[in-house]
Amino acid sequence: MRCSAWSSPAIWVCSAAVAALVFVPTAGAHLSLDPNKVGKGALVDLTFSVPNEDDPAGVDRVTLGIPAEFDLDDAEAKPGWSQSRTSLAITWSGGNIPRGQYATFAIRGTAPPRAETMVFNVLVADRTGKSITYRANLDVVAHVVEDSGARSLGTAALIAAIVAAALALGAGFFGLYLWLRPPP
């Protein structure tokens, strides 16, 4: 019984096309920004992890476009890299990110006073002039909820272990007292 008017080859071609679209990585998927969410008006340190996915020449220039809404204070000085700065961009050059590796580049500044999504454009180039542009989004929100789940659970577990050890030690001393005391 036939369920559709599509032929098997047509279904296969469409399925392959959809799979190709779904599984094609985008440039922004490989660059990371930490943190990617900050409170409005907050003083923040942003770290961009910049990859050299497959360039055999090695990445030797990284230019970070700063959105006008972000008040830039400072940029990381990286050993082996020189740095130049304009009002809306910072360029690190002369270093090297080998093929299959990544390097981090950090900036410090103040988030805008209103909630919005800012886009940082990151241009990564090699010695031959080949370049790729990544986009990193920074969400500026009214209130940032600090996720301290693992740290809080770890602290609670440590406190519970200390209390349990103290109770066991106390019970041990009490048992020793009962055993060593003279009979009544």
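Summary table
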{"item": "Of residues in segment 101-129 being among the aromatic types (Phe, Trp, Tyr) and in contact with a Ser or Thr (Cβ under 9 Å, 6 or more places away or on another chain), the one modelled with the highest pLDDT", "result": "105"}
{"item": "Residue satisfying all of: in segment 80-98; β-branched (Val, Ile, Thr) and in a strand (DSSP E or B); most open to solvent (accessible area, probe 1.4 Å) among these", "result": "91"}
{"item": "Pairs with Cβ under 7 Å, 6+ apart, first in segment 32-58 and under 17 Å from residue 137 (Cβ atoms) and assigned to a loop (DSSP other than H, G, I, E, B), second open to solvent by 40 Å² or more (accessible area, probe 1.4 Å) and aliphatic (A, V, I, L, M)", "result": "40/115; 40/142"}
{"item": "Single residue of segment 99-129 satisfying the filter (open to solvent by 60 Å² or more (accessible area, probe 1.4 Å) and in a loop (DSSP other than H, G, I, E, B)) that is farthest from residue 40 (Cα to Cα)", "result": "128"}
{"item": "Within segment 86-123, tally of residues that are under 14 Å from residue 68 (Cα atoms) and either charged (D, E, K, R) or in contact (Cβ under 8 Å) with a residue 24 or more places away in the chain (or both)", "result": "13"}
{"item": "Boolean, residue 66 is without any contact (Cβ under 8 Å) to a residue 60 or more places away in the chain and under 20 Å from the mean Cα position of the chain (by Cα)", "result": "yes"}
{"item": "Tally, over segment 130-151, of residues that are open to solvent by 60 Å² or more (accessible area, probe 1.4 Å), of a type outside the set (A, V, I, L, M) and modelled with pLDDT under 75", "result": "3"}
{"item": "Considering residues of segment 52-67 that are at pLDDT below 95 and surrounded by 20 or more Cβ atoms within 10 Å (Cβ to Cβ) only, the residue nearest to residue 34 (Cα to Cα)", "result": "52"}
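The values are calculated or read from the model by the stated rules, or taken from the named source; none is laboratory data. Keep in mind that what you see is a predicted model, and the values were worked out from it rather than measured. Don't worry about glycine lacking a Cβ; one is built from the backbone with ideal geometry, like all the others, and counts go over all protein chains shown. Heads up: the accessible areas ignore ligands, DNA and RNA and are worked out on the full protein's heavy atoms, side chains in. Shrake-Rupley method; radii C 1.70, N 1.55, O 1.52, S 1.80 Å.
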